[in-house]
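Novice: Structure incoming, see below.
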Amino acid sequence: MYNRYVLFLLALFLSPILLSQPRGDDPRIRLAQSYEKGGRIEEAAALYAELYRSDSTNIVYFDGLRRMYVQLKRYDDAIALLKGKLSGSRDDVMIRVQLGSVLYKAGRDREAQQEWDQAIAVDPLNPGYYRAVAGALTENRLLEQTVELYRRARTATGNNELFTLELAQLLGSTMNYRGAMAEYASWLRKNPTQLSFVQQKISPFTSRHEGRREAIAGMQEAIGGGEEPALLELLAWLYLEDKDYAAAYDVCRVIDRASAERGSRIYAFAEQAFREKAYAAASEAYLEAIRIPVPATRVAGAYYGYANCLKELSSAADSSDETSSAKATEAMERFEEIISKFPGTEYAVRARFQIGLLQYERFHDLDGSLASFAAVERELPESNTVSYAVSLMMGEVLTMRGDSAEAAQRFRVVMNAPGALPDQQDEATFRLAELAYFRGEVQTATDLLGSLALDLQLDYANDALRLLTFLRENSKASGEALNRFARADYLGRQRHYAEAAQILLDVVDKNPRALLVDDALLLAGKLQTDNGDYRQAIGTYQKLIKEFPETSIALDRAWFAIGEIHQFRFHDANAATEAYQSLLSAFPNSLLTEQARKRIRDLRGESM
């Protein structure tokens, strides 16, 4: 008896649900849905209407017919359908919301608003009803009204934290970026671990300069004089996105103080600024981290970062020779200090390696750099990937010193080492090919380069392809000229600039029709620039421009090089601008046009 009673109750409860489902034995519903998917809307509407007449309680039939009427823009029929459904339940909020949407589509705005208002009036304290109406408003692109509705919901419910993310997104969509940031700031206060989520949400407008500036202003207003770490982190991130490193640094200092991080946040900023090549800002932050000081685990890193900043600043294109030399010398002293203060550590080894680089690149102390690299090698375990990097550098120094046989041995070891990284093996292969080219062994060089040039994803693929193409173009038609070019290139690598440049100019005079003429003049101009013979370099570049206007494909590079000499060596803004403009005028499709435009803006003091 009990089981029969339970079954009766279940049947009574489930019957409305079962009745509302599509009838499995009626093929018309499947046919109607098939028509709808296939875009045969008129036929689908006719079938849905027929089905609805047969069972007006079936929600699937009702909703299908409503959709078809709206798609066919038969708004009067859709309105009648919805009103009929609503007559049976005046408090059906979803039906009323849908009715308002169809009325709006039919151009009956006032009636639509009345329906939406009545939907909310069913329970003015229910956030779900506001959300349902907001969905209809958003669907009809009434974004401003949606914003006002959400604010109205806050007032009605007395809850100012309702719809924070919805409002933020809407305000961003309507380009009210300050308002959007106020909402995101409110949300972040309650969810301080969700910084990356907020960054992702605001990235569509902060990726543009105007959007970033408005977002920054909005965050400044939201923060006021407060020191909430999550909000400050977002502001610092916005400044970094805007490349305003000084402002970002100031904010990071506040975060560090407010969070009692003892310089750790300043150190983190320094690391990020260094990665983004903002060396001036990074050096200031590293120095402050040292002075605080940061926790012991980061002190050596701060010293090393500061020394590296000085090294990078010493090679900046716009540094004077005197400033550059002073910074390079100070960097050397700082690296020596790291070796003294942190003996036996990873940073001491890395500092010694950087000293070797400075000796090689900045001071041309080949013996000193080899000694430094050898000292690093002794402190590293065998078959360590860093040891292969050291071997590559020693090979380069030996090449510059003229010890090509010993250099080649260094490169071969790395090329054949099973434990070397693929990039290291590629570099070693390329360096061996260069040595073969310097010796005039064209076939050996092309064989080595061929394997690298096949895969354009490799780091050295472009260099390999460029040299391979150059060798193939000139090895047959200009064999002797190519050998002399290679000799000059090798002398230039050893910093015998004047001798190398003269060889190249002689090659041009004796082989004016050779394919390598423009390459020879470009390289000669670079060597003269490296030797400090700036007027002669400009004359060499002008010779290329004037005498080979029809045959050379390097004229844009010649104009750019002339501009650089005027800008960074003579500090003549007008002459530099004129050279860059000549490039833009004659070669609008050059790969150097964007860089030339930026240089012109910098020279004129224009903002980005």
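Novice: Looking at residue 520, is it farther than 27 Å from residue 425 by Cα and touching a residue at least 12 places away in the same chain (Cβ under 8 Å)?
Specialist: On the way: farther than 27 Å from residue 425 by Cα: yes; touching a residue at least 12 places away in the same chain (Cβ under 8 Å): yes.
Judged against the criteria, residue 520 is a match.
Novice: Of all residues in the range 139-155, which are assigned to a helix (DSSP H, G or I), touching a helix residue (DSSP H, G or I) at 6+ places or on another chain (Cβ under 8 Å) and either in contact (Cβ under 8 Å) with a residue 24 or more places away in the chain or of a type in the set (Phe, Trp, Tyr) (or both)? Please lay out each step first, then the result.
Specialist: Here is the first cut: in the range 139-155, the ones assigned to a helix (DSSP H, G or I) are 139, 143-155.
From what's left, touching a helix residue (DSSP H, G or I) at 6+ places or on another chain (Cβ under 8 Å): 139, 143, 145-147, 149-153.
Matches in the range 139-155: 139, 143, 146, 147, 150, 153.
Novice: Residue 248 - would you say it is outside any loop (DSSP other than H, G, I, E, B) and in contact with a Pro (Cβ under 6 Å, 6 or more places away or on another chain)? Before the answer, list the steps.
Specialist: Details: outside any loop (DSSP other than H, G, I, E, B): yes; in contact with a Pro (Cβ under 6 Å, 6 or more places away or on another chain): no.
Answer is no for this residue.
Novice: If you go through the range 249-268 one residue at a time, do you hit one that is under 18 Å from the mean Cα position of the chain (by Cα) and surrounded by fewer than 21 Cβ atoms within 10 Å (Cβ to Cβ)?
Specialist: Within the range 249-268, the subset under 18 Å from the mean Cα position of the chain (by Cα) is none.
Checked against the condition, which is being under 18 Å from the mean Cα position of the chain (by Cα) and surrounded by fewer than 21 Cβ atoms within 10 Å (Cβ to Cβ), the range 249-268 yields no hits at all.
Novice: Return the only residue of 518, 556 being in contact with a Ser or Thr (Cβ under 7 Å, 6 or more places away or on another chain), of a type outside the set (A, V, I, L, M), within 30 Å of residue 361 (Cβ to Cβ) and modelled with pLDDT of 95 or more. Please lay out each step first, then the result.
Specialist: Numbers: 518 fails: modelled with pLDDT of 95 or more.
Answer to the selection: 556.
Novice: Here's another thing I want to ask about it. Only one of 500, 428, 436 is within 30 Å of residue 374 (Cβ to Cβ) and under 36 Å from the mean Cα position of the chain (by Cα). Can you tell me which?
Specialist: Values: 500 fails: under 36 Å from the mean Cα position of the chain (by Cα); 436 fails: under 36 Å from the mean Cα position of the chain (by Cα).
Step by step, each of 500, 428, 436 is checked, and only 428 is within 30 Å of residue 374 (Cβ to Cβ) and under 36 Å from the mean Cα position of the chain (by Cα).
Novice: Could you say which residue among 197, 205 is out of contact with any Pro (no Cβ under 8 Å at 6 or more places or on another chain), more than 14 Å from residue 222 (Cβ to Cβ) and surrounded by 18 or more Cβ atoms within 10 Å (Cβ to Cβ)? It would help to see each step written out before you state the result.
Specialist: On the way: 197 fails: surrounded by 18 or more Cβ atoms within 10 Å (Cβ to Cβ).
Testing whether each residue is out of contact with any Pro (no Cβ under 8 Å at 6 or more places or on another chain), more than 14 Å from residue 222 (Cβ to Cβ) and surrounded by 18 or more Cβ atoms within 10 Å (Cβ to Cβ) leaves just 205.
Novice: Keeping to the range 211-232, report how many residues are within 18 Å of residue 180 (Cβ to Cβ) and assigned to a helix (DSSP H, G or I).
Specialist: Number satisfying all stated conditions: 15.
Novice: Same structure, new question: Against the conditions (1) surrounded by 14 or more Cβ atoms within 10 Å (Cβ to Cβ); (2) among the β-branched types (Val, Ile, Thr); (3) not in a helix (DSSP H, G or I), where does residue 577 fall short? Just the number, please.
Specialist: (3)
Novice: Regarding the range 161-182, can at least one residue be identified that is over 26 Å from the mean Cα position of the chain (by Cα), surrounded by fewer than 15 Cβ atoms within 10 Å (Cβ to Cβ) and at pLDDT below 95?
Specialist: Yes: one or more hits.
A quick yes/no check of all residues on (1) among the charged types (D, E, K, R); (2) over 27 Å from the mean Cα position of the chain (by Cα); (3) farther than 29 Å from residue 513 by Cα:
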{"site": "547", "(1), (2), (3)": "yes, yes, no"}
{"site": "552", "(1), (2), (3)": "no, yes, no"}
{"site": "559", "(1), (2), (3)": "no, yes, no"}
{"site": "578", "(1), (2), (3)": "yes, yes, yes"}
{"site": "592", "(1), (2), (3)": "no, no, no"}
{"site": "599", "(1), (2), (3)": "yes, no, yes"}
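Novice: If the requirement is being surrounded by 18 or more Cβ atoms within 10 Å (Cβ to Cβ), part of a helix (DSSP H, G or I) and of a type outside the set (Asp, Glu), which of these qualifies: 31, 86, 81?
Specialist: Values: 31 fails: surrounded by 18 or more Cβ atoms within 10 Å (Cβ to Cβ); 86 fails: surrounded by 18 or more Cβ atoms within 10 Å (Cβ to Cβ).
The conditions single out 81.
Novice: State which residue is modelled with the lowest pLDDT when the search covers only the range 521-553 and only residues that are of a type in the set (Val, Ile, Thr) and part of a loop (DSSP other than H, G, I, E, B).
Specialist: Within the range 521-553, the subset of a type in the set (Val, Ile, Thr) is 529, 538, 540, 545, 551, 553.
Among the residues that remain, those that are also part of a loop (DSSP other than H, G, I, E, B) are: 551, 553.
Numbers: 551: 83, 553: 89.
Going through the qualifying residues, I end up with 551.
Novice: Would you tally the residues in the range 472-494 being over 25 Å from residue 366 (Cβ atoms) and surrounded by fewer than 19 Cβ atoms within 10 Å (Cβ to Cβ)?
Specialist: Counting residues in the range 472-494 that are over 25 Å from residue 366 (Cβ atoms) and surrounded by fewer than 19 Cβ atoms within 10 Å (Cβ to Cβ) gives 8.
Novice: Regarding the range 210-226, can at least one residue be identified that is surrounded by fewer than 12 Cβ atoms within 10 Å (Cβ to Cβ) and more than 22 Å from residue 257 (Cα to Cα)?
Specialist: Yes, that holds for at least one residue.
Novice: Next question, about the same structure. Among the candidates 322, 333, single out the residue that is at pLDDT 95 or above and surrounded by fewer than 16 Cβ atoms within 10 Å (Cβ to Cβ). Break it down into steps so the answer makes sense when it comes.
Specialist: Details: 322 fails: at pLDDT 95 or above.
The conditions single out 333.
Novice: Kindly indicate which of 232, 238 is in contact with a Ser or Thr (Cβ under 8 Å, 6 or more places away or on another chain), modelled with pLDDT of 95 or more and not β-branched (Val, Ile, Thr). Quick ask: steps written out before the conclusion?
Specialist: Values: 232 fails: in contact with a Ser or Thr (Cβ under 8 Å, 6 or more places away or on another chain).
Testing whether each residue is in contact with a Ser or Thr (Cβ under 8 Å, 6 or more places away or on another chain), modelled with pLDDT of 95 or more and not β-branched (Val, Ile, Thr) leaves just 238.
Novice: Scan the range 60-78 residue by residue and report those that are surrounded by 15 or more Cβ atoms within 10 Å (Cβ to Cβ) and either touching a residue at least 24 places away in the same chain (Cβ under 8 Å) or not in a helix (DSSP H, G or I) (or both).
Specialist: Answer for the range 60-78, where residues must be surrounded by 15 or more Cβ atoms within 10 Å (Cβ to Cβ) and either touching a residue at least 24 places away in the same chain (Cβ under 8 Å) or not in a helix (DSSP H, G or I) (or both): 60, 61, 64, 66, 67, 68, 69, 70, 71, 74, 75, 78.
Novice: Which one of the conditions (1) without any contact (Cβ under 8 Å) to a residue 12 or more places away in the chain; (2) closer than 30 Å to residue 70 by Cα does residue 208 fail to meet, given that it meets all the rest?
Specialist: It fails just one condition, (2).
Novice: For residue 499, all conditions in the list (1) in contact (Cβ under 8 Å) with a residue 12 or more places away in the chain; (2) more than 25 Å from residue 448 (Cα to Cα); (3) assigned to a helix (DSSP H, G or I) hold save one; what is the number of the exception?
Specialist: Just one mismatch for residue 499, condition (1).
The values are calculated or read from the model by the stated rules, or taken from the named source; none is laboratory data. Values in this document were obtained by computation on a predicted structure and should not be read as measured data. We place every Cβ from the backbone using ideal geometry, glycine too, and count neighbours over all the protein chains shown.
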